[in-house]
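Take a look at the structure set out below.
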Amino acid sequence: SGGRFNCGLWLSFHTLAARVATDQQALAAFGAIRALVDGFFGCADCRAHFLDMAQGAEEVMAAEPAGVRQGLQLWLWSAHNKVNLRLDSGPPVDGA
């Protein structure tokens, strides 16, 4: 189902963000995530929503006191929660 695909996609994004070792890798991972959504996500409305959220995200990540790596993780949790609320598909994701 589409929900399972989306759940697995988000899980992949969160896992990638958790596994990066440097701030530079975090920026590269974010670029890859954005390119994946832009190039392959089949739902045009969902793709546009994600890409709109991604505008300026690098600056938000860079402003995170703990560094870009943690900024990427926090941005993804926030974006995932916004998507869940937009779709009303369940409770917010717990980033703990």
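The values are calculated or read from the model by the stated rules, or taken from the named source; none is laboratory data. Everything quoted here is computed from the prediction, not taken from an experiment. So basically every Cβ, Gly included, is an ideal-geometry build from the backbone, and we count neighbours across all protein chains shown. Please note that ligands, DNA and RNA were not included when accessible areas were found on the heavy atoms of the full protein model with its side chains. Shrake-Rupley method; radii C 1.70, N 1.55, O 1.52, S 1.80 Å.
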The chain, relative contact order [Cα under 8 Å, separation at least 6], %: 26
Accessible area expressed per residue, the chain, with surrounding protein chains retained (probe 1.4 Å, Å²): 61
CD proxy at 222 nm, helix term only [per DSSP H run n ≥ 4: -39500 (n - 2.57); per residue of the chain; nearest 500]: -24500 deg cm²/dmol
Gain upon complete extension [Ala63, Asp88; 0.36 nm per residue less C-alpha separation]: 6.0 nm
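Counting only protein heavy atoms and a 1.4 Å probe, tell me what percentage of the chain's accessible area is made up of carbon and sulfur.
Carbon-and-sulfur percentage of accessible area, whole number: 57.
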Thr22-Ala35 pseudo-label distance in nm [points 7 Å out on the Cα-to-Cβ vector]: 1.8
